[in-house]
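Structure, as structure tokens:
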Amino acid sequence: MKVLFVVNNYYASGNGLSASARRTVTYLKEAGLDVRVLSGRNHEAEEPQPDYVLSDFRVPVFDTLVQSHGYKFAKADFSIIKEAVQWADVVHLEEPFIIQMVTARIARHYGVPCTATYHLHPENLFCSINLGGWKSLNYNMLRAWRDLVFNYCTDIQCPTANVVKRLEKFGFKSRLHLISNGIIPDAVVRENVPKDPSEPFLVVCIGRLAVEKDQPTLLEAMKYSKYARQIQLYFAGRGPEADSIKQQAHKLYEDGVLQYDPIFKFHDRDGLRHLAAQADLYIHCATVEVEGLSALEALQQAVVPIIAEGELTATSQFALDDRSIFPTKDPKALADCIDYWLDHPAEREEMGWRYAASTEEYDIHKSIDALVEMFRCAAATRS
């Protein structure tokens, strides 16, 4: 089966959507599918390049902001898209943007079925310009995505039940498949040794430094935690809010709320794995999150999470009980969770290993098997 992946920026580093697409394509090829990629150029290296290369599109006014999120848009070149679509048995859309709108129409013209993955909410975009709470704007954007992209698809991959519920509510016509994006099974590198009581607790937050990830709630929680001066905060990521968050974090240190200046550093996948293995707690504060694979990858390393729960974030589904959940944007509740787990080291150790075991159901091989079946269902509809 020949599957064409359509994504604006396939080779971007530090962008979860692009990383997920690359990982999925790699495993689909291992499963025997013939997969090609239609995307903008790889600017981070001369090689590799997409199979079908589109030129860059600069977004007026907002291009600097877009790039600060590790993202680029591609131009919809009709001749290149037409060539790519005519090669494929199934076209798979990774985003709901201009090149996907054009590709979906060309695919329909040639009778090639489309599928898609729902990777992001409108709020993921509008939070960056402080419009994430503008309900009418986000509602109308989702309706536009539905009518201009997703309803051209026979099947949609929904990474979480939270997404399925939202798309059903909005009247999406496609078949909805609950399929996690999946994580690569990793060996646990955490060492089961007693903690040196002279060392601070390592509390880790992994993810882009962006409005919707809401790292400031973790910083605010330090004002309420009785362990604040025994905690080393570690933010692993980069993004448009980096300067602001670093200033807030350093002020807590200068004011004496924290004894240890928070650390900010970007890591590759292996670095994140070892960081999570050293952590005493993993914190996930995002208010808008379709799935949150960074959390799952951390949990593989037997670390207890504390995860924000809200209408537009699905990551709390990974929590095994209420002790690891707090309401979004509630620093006092987050501090209470932090204090509970640091009060109970033996219980925390035991639960960490339970969390590691719980990630097995999200093995990417299971996701790939389900995606292959979804593509087969779509291909069977070819006119």
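Every number in this text was worked out from the coordinates using simple rules, so none of it is lab data. Note that the structure is a prediction, hence the values are computed from the model and not measured. No Cβ is skipped: glycine too gets one built from the backbone with ideal geometry, and neighbour counts run over all protein chains shown.
Here are the numbers for the structure shown:
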quantity: Estimated [θ] at 222 nm from DSSP helical runs (n ≥ 4, -39500 (n - 2.57)) normalised by residues in the chain, nearest 500; calculated: -12000 deg cm²/dmol
quantity: Rg ratio (alpha-carbon, reference 2.2 N^0.38 Å) - the chain; calculated: 1.01
quantity: Computed lengthening from LYS75 to SER358, 0.36 nm per intervening residue step minus Cα-Cα distance; calculated: 97.7 nm
quantity: Distance violations [Cα-Cα > 29 Å] among LYS135/LYS366; LYS226/LYS246; LYS72/LYS223; calculated: LYS135/LYS366; LYS72/LYS223
quantity: Coarse-grained scattering of segment 213-281 at q = 0.24, 0.27 Å⁻¹, given as base-10 log I(q)/I(0) from a Debye sum over alpha-carbon atoms; calculated: -1.15, -1.31
quantity: In order through segment 289-299: 3J(HN,Hα) via Karplus (6.51 cos²θ - 1.76 cosθ + 1.60), integer Hz, x for Gly, Pro; calculated: 7, 5, 9, x, 5, 4, 5, 4, 5, 5, 5
quantity: Label zone at TRP87 (point 7 Å along Cα-to-Cβ), backbone N below 16 Å, segment 94-126; calculated: 103, 107
quantity: Computed P(r) (all Cα pairs; segment 201-361; 10 Å bins; percent); calculated: 11, 45, 38, 5, 0
quantity: At most 15 other Cβ within 10 Å, DSSP loop - chymotrypsin sites (Phe, Trp or Tyr not before Pro), segment 86-162; calculated: TYR110, TRP134
quantity: Residue-by-residue Karplus 3J(HN,Hα) for segment 45-52, coefficients 6.51, -1.76, 1.60, Hz, glycine and proline x; calculated: 6, 5, 9, x, 10, x, 5, 10
quantity: Trypsin sites (Lys or Arg not before Pro) restricted to segment 165-198 and DSSP loop, no more than 14 other C-beta within 10 Å; calculated: LYS173, LYS195
quantity: Distance in nm between pseudo-label sites at ASN192 and GLU349 (7 Å out along the Cβ direction from Cα); calculated: 0.9
quantity: Karplus-derived 3J(HN,Hα), 6.51/-1.76/1.60, for each residue of segment 216-222, Hz, glycine and proline x; calculated: x, 5, 5, 4, 5, 4, 5
quantity: Per-pair calculated FRET efficiency, R0 = 45 Å: GLN49 and ARG229 via Cβ, rounded to 0.05; calculated: 0.35
quantity: Footprinting exposure proxy for VAL7, VAL53, VAL102, VAL204 (fewest neighbouring C-beta atoms within 10 Å first); calculated: VAL53, VAL102, VAL204, VAL7
quantity: Dipole magnitude of segment 1-50, debye to nearest 20 (Cβ charges: Lys/Arg +1, Asp/Glu -1, about Cα centre); calculated: 180
quantity: The chain: DSSP helices with Cα axial extent of at least 15 Å and average Kyte-Doolittle hydropathy no lower than -1.0; calculated: 16-30, 98-109, 135-148, 331-343, 364-379
quantity: Distant-in-sequence amide H partners of GLN232 (H built 1.01 Å from N, under 5 Å); calculated: PHE201, LEU202, VAL203
